[in-house]
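Every read-out reported here was derived from the displayed coordinates using simple, explicitly stated rules and does not represent laboratory data. Not measured: the values here are computed from a predicted model. Cβ placement follows ideal geometry from the backbone for every residue including glycine, while neighbour counts extend to all protein chains displayed.
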Amino acid sequence: MRSRPTRPLLLAPVLALTLAGCGAGQGDFCEVLNDNTDLAATVFTPVIPEMVDATTVQQRLDLVDQIEDPPSDLEDDLTTWRNYLQKALDNIDDATAVINAGTDEVDAAQEALFDRYTGTCMS
């Protein structure tokens, strides 16, 4: 009985495409977040007055600002989220203003960004 030779060279391109698929089209979005997983775990969570301080919000904003090349379908969401964090930071001592900064548009952006992070960057 004759055995079939293995073809490791054919597997290499398939493996490379599989591994590259996670980051394809993501710009530096996943790279930035995966470089700081501790902060990335909370960067797309709402700011809760009196539970989150200005330093924490500034750290989140700084991380978001590091994303210079987001996926094209998340550009608007990232801008919306960045503006929300800035508003929350500017009003951190005014719980009502921080809560009011969380509009439906902010919620939609948060969901899109969080879903991409957990569904693509973390997989």
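Worth a mention:
- In order through the range 60-77: 3J(HN,Hα) via Karplus (6.51 cos²θ - 1.76 cosθ + 1.60), integer Hz, x for Gly, Pro: 5, 4, 4, 5, 4, 5, 6, 7, 8, 10, x, x, 4, 6, 10, 4, 5, 4
- Taking a Cβ cut-off of under 14 Å around Leu89, the surrounding Lys, Arg, Asp and Glu residues balance to a net charge of -3, with basic ones at +1 and acidic ones at -1.
- Panel note: the C-alpha atoms of the range 26-121, placed on their principal axes, show extents of 35, 25, 20 Å (largest first).
- The Cβ shell under 14 Å around Glu31 holds other residues with a net charge of -3, Lys and Arg each +1, Asp and Glu each -1.
- Remark: the Glu68-Ile48 segment gains 4.6 nm on full extension, using 0.36 nm per residue and subtracting the alpha carbon distance.
- In nm, spacing of pseudo-spin labels at Ala95 and Gln58 (7 Å Cα→C-beta vector): 2.3
- Sequence-ordered 3J(HN,Hα) estimates for the range 90-102 from the Karplus curve with 6.51, -1.76 and 1.60 and θ = phi - 60° stand at 5, 10, 4, 8, 10, 4, 5, 5, 5, 5, 5, 5, x Hz, glycine and proline given as x.
- Summing charges over neighbours of Asp73, with a neighbour being any other residue whose Cβ is under 12 Å away from its Cβ, gives -3 when K and R count +1 and D and E count -1.
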